[in-house]
Amino acid sequence: MGSLEGKSAIVTGSSRGIGADTAKLLAADGAGVVINYRQKAPRANKVVKEITEAGGRAVAVGADLTTAEGAQALVDAAVENFGGLDILVLNASGGMESGMGDDYALRLNRDAQVGMVQAALPAMKNGGRIVFVTSHQAHFIDKVSTMDAYEPVARSKRAGEVALRDMVPSLQESGVSLVVVSGDMIEGTITATLLDRAEPGAIEARREAAGKLYSVEEFAAEVAAMVTADVESGHTEYVGGAEDFLKQHGN
């Protein structure tokens, strides 16, 4: 039996990439997992199939996190299918998509994150954990500049992190802790591909500065590990290549 046997989790943005791999790891450890997608149902259903064929428990729920209805749909699925909610992994993010409106990055990376927590909290059990996934480029944006193409996303994700940290006292009253996982550019992600397209050589430059870039699978393992890590609420876990950011930040 896994350490998460009998527990339930929501992983936002989990039809592919880091979210999908994180969901699979949590399910393999015993958790019932709500797989979230915005548009690509076949991808999400494939993740569910892989989990269930391996003996795990999962359901796919289409939900737009920028709406209150979308956030609530995920919570309702966790309660109805798995009896409650213990774990919330806030992995979904974006802002580099075209045609979504000038304020989309802020709506998704700040407002939707807060809205998801507000929807989840009444269903979360004592001892529950929220994991917010961000990037070094966003976490350090107030002190360390980033690529022009990524700056609006970085600032919106930083705003989301700050807003969630402001909620820590109220989360603690409910027995729920928050952990932030900050990662370097991740090989094979949509964001890294878009950035390299906008600024050719961006991936190679980060790889050189960091010494190594994590793969999707490697980073997902770090995110999943923070679900049960014995750390204080508000802890920041740096994954890969943070040294130069910390040096520039003055730490």
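The values are calculated or read from the model by the stated rules, or taken from the named source; none is laboratory data. On a predicted model such as this, the values are computed, not experimentally measured, just so you know. Virtual Cβ from ideal backbone geometry, glycine too; neighbours counted across all protein chains shown. Accessible surface areas use protein heavy atoms only, side chains included; no ligands, DNA or RNA. Shrake-Rupley method; radii C 1.70, N 1.55, O 1.52, S 1.80 Å.
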Flag if PRO122 is modelled with pLDDT under 95 and of a type outside the set (S, T, N, Q): no
So ALA27, is it farther than 24 Å from THR228 by Cα, modelled with pLDDT of 95 or more and small (Gly, Ala, Ser): no
Residue satisfying condition, being of a type in the set (A, V, I, L, M) and in contact with a strand residue (DSSP E or B) (Cβ under 9 Å, 6 or more places away or on another chain), within set ALA209, ALA225, ALA163: ALA225
Count - residues of segment 202-218 that are over 22 Å from the mean Cα position of the chain (by Cα) and either open to solvent by less than 40 Å² (accessible area, probe 1.4 Å) or within 28 Å of ASN126 (Cβ to Cβ) (or both): 1
Hits in segment 219-234 - residues which are touching a residue at least 12 places away in the same chain (Cβ under 8 Å) and either closer than 11 Å to ARG129 by Cα or surrounded by fewer than 22 Cβ atoms within 10 Å (Cβ to Cβ) (or both): ALA221, GLU222, MET226, VAL227, THR228, ALA229, VAL231, GLU232, SER233, GLY234
Residue within segment 95-113 that is open to solvent by less than 50 Å² (accessible area, probe 1.4 Å), of a type outside the set (A, V, I, L, M, F, W, C), within 17 Å of ARG165 (Cα to Cα) and touching a Phe, Trp or Tyr at 6+ places or on another chain (Cβ under 9 Å) present: yes
Candidates GLY83, GLY70 - the one that is on the phi > 0 side of the Ramachandran plot and of a type outside the set (Val, Ile, Thr): GLY83
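Per-residue answers, yes or no, for (1) within 25 Å of VAL153 (Cα to Cα); (2) modelled with pLDDT of 90 or more:
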position: THR67; (1), (2): yes, yes
position: ALA71; (1), (2): yes, yes
position: ASP76; (1), (2): no, yes
position: SER93; (1), (2): yes, no
position: GLU97; (1), (2): yes, no
position: ALA105; (1), (2): yes, no
position: ASN109; (1), (2): yes, yes
position: VAL114; (1), (2): yes, yes
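Could you go through segment 188-195 and let me know if any residue there is closer than 18 Å to THR12 by Cβ and open to solvent by 70 Å² or more (accessible area, probe 1.4 Å).
The answer is yes; a qualifying residue exists.
Which of the following residues is under 25 Å from ALA229 (Cβ atoms), small (Gly, Ala, Ser) and open to solvent by 10 Å² or more (accessible area, probe 1.4 Å): ALA138, ALA120, ALA163?
ALA163
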Segment 132-151: number of residues that are under 20 Å from GLY94 (Cα atoms) and out of contact with any Asp or Glu (no Cβ under 9 Å at 6 or more places or on another chain): 5
Filtered residues of segment 7-22 (kept if open to solvent by 40 Å² or more (accessible area, probe 1.4 Å) and at pLDDT 95 or above): LYS7
Some residue of segment 133-152 being modelled with pLDDT of 90 or more, among the hydrophobic types (A, V, I, L, M, F, W, C) and in contact with a strand residue (DSSP E or B) (Cβ under 6 Å, 6 or more places away or on another chain): yes
